[in-house]
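A short worksheet on the structure shown next.
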Amino acid sequence: MEQELDILAEKVERVSALVALLRAEKADLAARLLAAESERALLQQNAETARQRIEALIQRLPEGKA
């Protein structure tokens, strides 16, 4: 009986360690996702700014005579 309790206690400890590891991994992934979302928003803003600048430059080009 005592051996069975020792085995069970060992399994509980392993599960507890795994839960702690998974919680830490989840927190890391959440932080990385937040950073990626922020970077994506910045890239979208930069792309929009570039698009607006290109459109403004196109408007300044002289029209060709056909």
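Rule-based calculations on the coordinates, nothing more; no lab input. All values derive from a computational prediction rather than experimental measurement. No Cβ is skipped: glycine too gets one built from the backbone with ideal geometry, and neighbour counts run over all protein chains shown.
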### Task
Round to the nearest 0.05 the FRET efficiency obtained for Leu57 and Leu33 when R0 = 30 Å and r is the Cβ-Cβ distance.
0.25
### Task
For region 45-50, take each phi angle, set θ = phi - 60°, evaluate the Karplus expression 6.51 cos²θ - 1.76 cosθ + 1.60, and give the result in whole Hz per residue in order, putting x for glycine and proline.
5, 5, 5, 5, 4, 5
#### Entry: Charge dipole (the chain, unit charges on Cβ, about Cα centre) - positive-most of Leu21, Ala41, Ile58
Ile58
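About the Cα centre, and with charges only on the beta carbon of Lys, Arg (+1) and Asp, Glu (-1), how big is the dipole of the chain? Nearest 20 debye, please.
Numbers: 10 positive and 12 negative charges, 172 e Å.
Taking the Cα centre of the chain as origin, the dipole is about 820 debye.
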### Query
How compact and how long is the chain, expressed as Rg and Dmax of its alpha-carbon atoms in Å?
28.7, 98
## Note on the structure
With x for Gly and Pro, the residue-by-residue ³J(HN,Hα) of region 5-22, computed from phi through the Karplus equation 6.51 cos²θ - 1.76 cosθ + 1.60 at θ = phi - 60° and given in whole Hz, is 5, 5, 5, 5, 4, 5, 5, 5, 5, 5, 5, 4, 5, 5, 4, 5, 5, 5
